[in-house]
Every structure is written in structure tokens, then in C-alpha cells.
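A short worksheet on the structure shown next.
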Amino acid sequence: MNIVKTLTLAAAGALMLGFSANAALAKTAIIHVNLWDKNMSSVDMSKPMMMGLGMKADMSKAPMGITLDKAKVKAGRVTFEVVNTSKDTVHEVIVSSIASLDETMPYLTADNQVDEEHGSHLGEVSELEPGQSGALTVTLKPGLYLLYCNIPMHYMDGMWTTLEVTK
Ligand SMILES: [Cu+2]
């Protein structure tokens, strides 16, 4: 169901139940998420670049990444509006809470993927084709969050960023 329909139904439901429409249409902070890559034909996909969270890599060398239009947002409902701006590569974004910027994510070396089952997985926009967009709404508490792409190798090639949620 698309978000407009969802909001309309939520508002109608709230009115029938006697709540104010304001409560139903609780404010959502919008964060624009750009999933990007540079010339993928020059990227060696045979071995990971070891550019994950907490690895202190030079992120300016990352051949792909996730860029947010804001690094901080207030706690509450947050909608990530995600666009895959790659010309040729599928990307996705997963939202996880993390304890610190030095944290090392659980990793499945054989699969070259973050172990989603053992992290705190709050939601995702999975597998967007090049040029495709999607959205995810979550309610976030104050703290640190990691946004990453879990297409094999992409996380270790630098496809992640962090978000701070304030009180
Ligand atoms: Cu990716």
C-alpha cells in the first residue's frame, strides 16, 4: 500500500474513533537518502575493502556510499525517502541501532554481508534497481543509528553512514 493511502486511511480511522486528525498525522521528519556509486566497472568486487563501521578507513576512497541530507534528527517518526542513483547497480538500505561509532557489525565473511539476524534491524528498503526509489518510516529513540547496504561486499566497500537521533 502506498504511503498516501496509508495516511488517508489512518486519518479516516482516527476521525471515526474520535481522535483529532492532528494526532493521526503525527509529524514525520523526512530524511533524503542517496544510494550512490562511482564507476562500478573499476571496482574490484573479488575482495572487500574493509571499510566498515569502526574500521577507521579513509572513507573518501569508498567507491560507493550512502549520503543523507541531514546527519541529525529529533526522536520520533522519521521517514527515509531513498533513491538509488546508480546507473547500473542494485542497492538497498537497512536501518540498525548501534551503541557507538567504534562498533564492529557482526559479519558473515563467507557471504561478504553484515549478519542482519544478529544486529538490531529496524527496517529496510530492499534491493532498489538503478534509478528506483522507496521509503521507510520508523519511530526512532535518541541514539546512534547505522544505515547500510547489504548487497554482498557493499558494506565493506564503504556503503554505510550514521545518523544521530537527539531528544
Ligand atoms: Cu549497495
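The values are calculated or read from the model by the stated rules, or taken from the named source; none is laboratory data. Quick caveat, the model's predicted, so the values are computed rather than measured. Counting neighbours? That spans all protein chains shown, and the Cβs are built from the backbone with ideal geometry, glycine included. With ligands, DNA and RNA removed, areas are computed over all heavy atoms of the protein, side chains included. Shrake-Rupley method; radii C 1.70, N 1.55, O 1.52, S 1.80 Å.
Please verify whether region 149-159 includes one or more residues that are aromatic (Phe, Trp, Tyr), modelled with pLDDT of 95 or more and in a strand (DSSP E or B). Show your work before the answer.
Here is the first cut: in region 149-159, the residues aromatic (Phe, Trp, Tyr) are 155.
From what's left, modelled with pLDDT of 95 or more: 155.
From what's left, in a strand (DSSP E or B): none.
No: zero hits.
Out of all the residues in region 64-71, is one or more among the β-branched types (Val, Ile, Thr), within 16 Å of the ligand (Cβ to nearest atom) and either more than 25 Å from Pro142 (Cα to Cα) or surrounded by fewer than 13 Cβ atoms within 10 Å (Cβ to Cβ) (or both)?
Here is the first cut: in region 64-71, the residues among the β-branched types (Val, Ile, Thr) are 66-67.
After this cut, where a residue has to be within 16 Å of the ligand (Cβ to nearest atom) as well, the list is 66-67.
Within this subset, residues satisfying the condition of being either more than 25 Å from Pro142 (Cα to Cα) or surrounded by fewer than 13 Cβ atoms within 10 Å (Cβ to Cβ) (or both) are 67.
Yes - at least one qualifying residue is present in region 64-71.
Could you tell me whether Gly134 is at pLDDT 95 or above and either open to solvent by less than 20 Å² (accessible area, probe 1.4 Å) or not in a strand (DSSP E or B) (or both)?
Numbers: at pLDDT 95 or above: yes; either open to solvent by less than 20 Å² (accessible area, probe 1.4 Å) or not in a strand (DSSP E or B) (or both): no.
No, not satisfied.
For region 72-91, give me the residue count where each residue is within 11 Å of the ligand (Cβ to nearest atom) and part of a strand (DSSP E or B).
So the first thing to find is which residues in region 72-91 are within 11 Å of the ligand (Cβ to nearest atom), and the list is 84, 86, 89-91.
Subsequent filtering for residues that are part of a strand (DSSP E or B) retains 84, 91.
Matching residues across region 72-91 total 2.
With respect to Ser97, determine if the residue is open to solvent by 40 Å² or more (accessible area, probe 1.4 Å) and within 16 Å of the ligand (Cβ to nearest atom).
Details: open to solvent by 40 Å² or more (accessible area, probe 1.4 Å): yes; within 16 Å of the ligand (Cβ to nearest atom): no.
Considered against the rule, which asks whether it is open to solvent by 40 Å² or more (accessible area, probe 1.4 Å) and within 16 Å of the ligand (Cβ to nearest atom), Ser97 comes out as no.
For region 137-162, how many residues meet the condition of being away from the ligand (no atom under 13 Å from the Cβ) and open to solvent by less than 10 Å² (accessible area, probe 1.4 Å)? Can you show your working first?
Step one: of region 137-162, the residues away from the ligand (no atom under 13 Å from the Cβ) are 137-146, 162.
Applying the additional criterion that residues be open to solvent by less than 10 Å² (accessible area, probe 1.4 Å) yields 140, 146.
Going through region 137-162 one residue at a time, the tally reaches 2.
Considering every residue within region 77-90, establish whether at least one is in contact with a Ser or Thr (Cβ under 7 Å, 6 or more places away or on another chain), over 18 Å from Asn39 (Cα atoms) and basic (Lys, Arg).
yes
Report yes if Val165 is open to solvent by less than 40 Å² (accessible area, probe 1.4 Å) and farther than 18 Å from Lys70 by Cα, otherwise no.
Details: open to solvent by less than 40 Å² (accessible area, probe 1.4 Å): yes; farther than 18 Å from Lys70 by Cα: no.
So Val165 does not fit the description; no.
Here is a yes/no grid of residues against (1) open to solvent by less than 70 Å² (accessible area, probe 1.4 Å); (2) assigned to a strand (DSSP E or B); (3) within 14 Å of the ligand (Cβ to nearest atom); (4) over 25 Å from Val43 (Cβ atoms):
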position: Val93; (1), (2), (3), (4): yes, yes, yes, no
position: Glu103; (1), (2), (3), (4): yes, no, no, yes
position: Asp111; (1), (2), (3), (4): no, no, no, no
position: Ser126; (1), (2), (3), (4): yes, yes, yes, no
